[in-house]
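Quick notes on the structure that follows.
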Ligand code: TXA
Ligand code: MG
């Protein structure tokens, strides 16, 4: 059965040892919990796809302890350097050209010539990466298409018995997946809105990000129906209709409130937890409008996918 580990020296050592043996370990990051495997071990990476029930074409993010390590795996660039200096460790993933002989399992990139990399800020995750001394492939630790986990309890609700261990370090502070920027073409491209607002990235680059056309699925996490609760989700609701539970924002009466004070950072941190809780009621979920700026853009992106026809 799945072991629950604490973020103590023993817990960190156990998590790293399990990864070293090729086992799957769910790990906390500042964005969401990740389902980790040693990215050099093909059998371990295959285990991620099996545990999540994930379509095999969907490539994974590789987590590293620092920028220096990243340069072993990809063709580095000035733009990568600028973004890494500004935002790593943090909620930013960079997609760069994969070097041949990277030593990574080809399942990590699902055969693509590019690789998604992130240096996370979460202290326990960083200690695991340093102790392992290797790259960890980790998608969000949920069943494919379901709501992302921001607590160890969310992880266990979907993956109990399917992973060797979960390293429980409480709730994720950001609560939304990393922002993904593609740096494989001439223009830096926003592949997924996320925990780092795109305005902040544009300011650091001194240029606007190209937005991918919705029809062109470059990051398969961008599939229209994703992050889906079991029940139906209705957006931009003025109020709950009969039978619905209401997810609110700002001062109002509702079943759960993303942020009573109307703070988007707080709303992002609560989003997936509140969706998990409302989903557990088995009733359809109505969601009030959320401001569409800063982190609100990523929140609205996730809500639109949760509400998409399946
Ligand atoms: O915050 C996060 O990013 C979390 C934590 C655990 O790090 N991870 C996460 O991973 O959200 P996942 O697998 O749920 O989403 C990764 C996204 C997918 O949409 C995938 O298609 C995209 O990254 N991706 C991975 N490699 C890519 C590549 N080479 N080119 C384009 N997109 C890529
Ligand atoms: Mg995911």
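The values are calculated or read from the model by the stated rules, or taken from the named source; none is laboratory data. Since the model is a prediction, treat every value here as computed from it, not as a measurement. Virtual Cβ from ideal backbone geometry, glycine too; neighbours counted across all protein chains shown.
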Inset, instruction - Considering only residues that are more than 16 Å from ligand 2 (Cβ to nearest atom) and assigned to a loop (DSSP other than H, G, I, E, B), look in the stretch 130-146 and name the one that is surrounded by the fewest Cβ atoms within 10 Å (Cβ to Cβ). - result: 133
Legend entry - Candidate set from the stretch 105-124 (those that are in a loop (DSSP other than H, G, I, E, B) and within 17 Å of the chain's Cα centre (by Cα)); member that is nearest to ligand 2 (Cβ to nearest atom): 120
Legend entry - Selection status of residue 196, assigned to a helix (DSSP H, G or I), in contact with a strand residue (DSSP E or B) (Cβ under 8 Å, 6 or more places away or on another chain) and more than 16 Å from ligand 2 (Cβ to nearest atom): no
Legend entry - Positions within the stretch 78-104 being surrounded by 21 or more Cβ atoms within 10 Å (Cβ to Cβ), over 18 Å from the mean Cα position of the chain (by Cα) and in a loop (DSSP other than H, G, I, E, B), in sequence order: 104
Inset, instruction - Would you be able to say whether some residue in the stretch 106-118 is closer than 13 Å to residue 27 by Cβ, touching a strand residue (DSSP E or B) at 6+ places or on another chain (Cβ under 8 Å) and surrounded by 23 or more Cβ atoms within 10 Å (Cβ to Cβ)? - result: yes
Inset, instruction - With the condition kept exactly as written, say whether any residue in the stretch 171-182 is assigned to a strand (DSSP E or B), more than 14 Å from ligand 2 (Cβ to nearest atom) and at pLDDT 95 or above. - result: yes
Inset, instruction - Tell me which residues, restricted to the stretch 152-163, are surrounded by fewer than 21 Cβ atoms within 10 Å (Cβ to Cβ) and not in a helix (DSSP H, G or I). - result: 160, 161, 162
Legend entry - Those residues of the stretch 164-180 which are within 13 Å of ligand 1 (Cβ to nearest atom) and surrounded by fewer than 19 Cβ atoms within 10 Å (Cβ to Cβ), in sequence order: 173
